[in-house]
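> Submitted below is the structure of interest, expressed as structure tokens.
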Amino acid sequence: MKENTVQEFQVESKHRLNELRRKLRELRVFNELGKTLTSTLDLKEVLEIILEKISALLRPEIWSLLLADEERRELIYEIVVGGHSRGSRNHRIKFGEGIAGIVAQTGTPLLIPNTAKDSRFSKKIRFYHGKGQNSIICAPLLSKGKIHGVIELVNRREKGAFQPDDLTILTTLADYAAIAIENARYVQRIQELSITDDVTGLYNSRHLHTILNRELSRSKRHKLRFSIVFIDIDFFKRVNDNYGHLVGSKVLKEMADVIKKSLRRSDIAIRYGGDEFVLVLPETTKMGCLNFVKRLRCSINNFIFLREKGLNIHIAASYGISSYPIDSTNGLQLLRLSDQAMYRVKMSGRDNIALA
């Protein structure tokens, strides 16, 4: 009887020791996470830190971090690790759709021991399907009552479903993460405002040199080509003289919108100043750029500006094109050459395109 009691005591002691070690490991991770997250205000670094800590502590088979687009009431998959995650980044789901959408909508963490028996699990999200039974824990990224996103984990690497303790840990991690993401986004927003044109929402001329230097460096490193387009609206002064500067600003905003709709995701548009715009088109040859500008010119010429205001303004523009490395390997020289090409159009009748 005494021997059994000793054995039970030893088992119980071992269990308590393991539990104590686990608690100490969790506290150490939380402490490290808190220190690390407060040491950076870069959103990318913040997300990478969260990835590292979640993987180390909860060891999920598949996990994702989704950021909220509150204006559209959607979640965007910013990080997806494991499963069939290829091509899943930037995938969107609505608030209320699937487990993650429900957590974003309600702000309440969820534990789903078996998704096969739960109608809330969205089978449309195919890259979430693990091997066999899917167990999910999902926690909101909440700070000051605002939803910044959710963290969702699918299946433990070890056997068995996620437990309530796992959800508690994830919720604590999510609380740390929400504050860090809020701070990083705030700083990011301040930085964006400093390089954004107030009227058009495009990048401003202060940021152009940064963009050019970055694209030059990338193109040299990978032996790529890129092109620059210089655009100047024809007779824009007539718009300001006839309708006033407020209307002129609205025309510039609509012009920027037409340009943005014509661009690829990798292309960059800048309001250079006044009625001038500069486009930087990565991995685009001179002839490829010319074909693009022909389509853009057609879009602008056919667009009716301020139709909703009943003004029905038509405008045209002059375009100049230069390309790296065929025209120059210097960023400022490329800009100057595209400007000179555009000026030749101005001198020869306007509403046309010239190559450097």
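> For region 51-59, just list the computed ³J(HN,Hα) in residue order, Karplus coefficients 6.51, -1.76 and 1.60, θ = phi - 60°, integers in Hz, with x standing in for Gly and Pro.
My calculation for region 51-59 gives 4, 4, 6, 5, 4, 6, 8, 10, 6 Hz in order.
> I would also like to ask the following. Mind putting together the pair-distance distribution for region 223-356? All Cα pairs, 10 Å bins, whole percent per bin, short to long.
P(r) for region 223-356, in whole percents per bin: 13, 45, 31, 10, 1.
> What pairs from Lys94/Lys146; Lys44/Lys260; Lys223/Lys286; Lys117/Lys146 go past 21 Å between their alpha carbons?
In this structure, Lys44/Lys260; Lys117/Lys146 lie more than 21 Å apart at Cα.
> While we're here: Given a cut-off of 22 Å, name the pairs among Lys220/Lys261; Lys309/Lys346; Lys294/Lys346; Lys250/Lys309 whose C-alpha atoms lie farther apart than that in the structure shown.
Details: Lys220/Lys261 28 Å; Lys309/Lys346 29 Å; Lys294/Lys346 17 Å; Lys250/Lys309 10 Å.
As for pairs spanning more than 22 Å Cα to Cα, those are Lys220/Lys261; Lys309/Lys346.
> Pull out a ≥ b ≥ c, the square roots of the eigenvalues of the alpha-carbon gyration tensor of region 269-312, then state rounded if a/c is under 1.5, prolate if not and a/b is larger than b/c, and oblate in the remaining case. Can you show the working numbers first?
Details: a/c = 3.78, a/b = 1.72, b/c = 2.19.
Judged from the Cα gyration tensor, region 269-312 comes out oblate (a/c at least 1.5, b/c at or above a/b).
> Here's a follow-up. For a quick check: sort Phe235, Phe121, Phe230, Phe303 by the number of other beta carbons within 10 angstrom, fewest at the front. Numbers along the way, then the final one.
Numbers: Phe235 13, Phe121 20, Phe230 27, Phe303 16.
Ascending Cβ contact count within 10 Å gives the list Phe235, Phe303, Phe121, Phe230.
> Additional query: Could you work out the local net charge near Leu246, counting Lys and Arg as +1, Asp and Glu as -1, over the other residues with Cβ closer than 12 Å to its Cβ? Each step should come with its number before you reach the end.
Values: positive: Lys250, Lys253, Lys309; negative: none.
Neighbour charge sum, excluding Leu246 itself: +3.
Every read-out reported here was derived from the displayed coordinates using simple, explicitly stated rules and does not represent laboratory data. These numbers come from a predicted model, not from an experiment. Backbone-built Cβ (ideal geometry, glycine too); neighbour counts: all protein chains shown.
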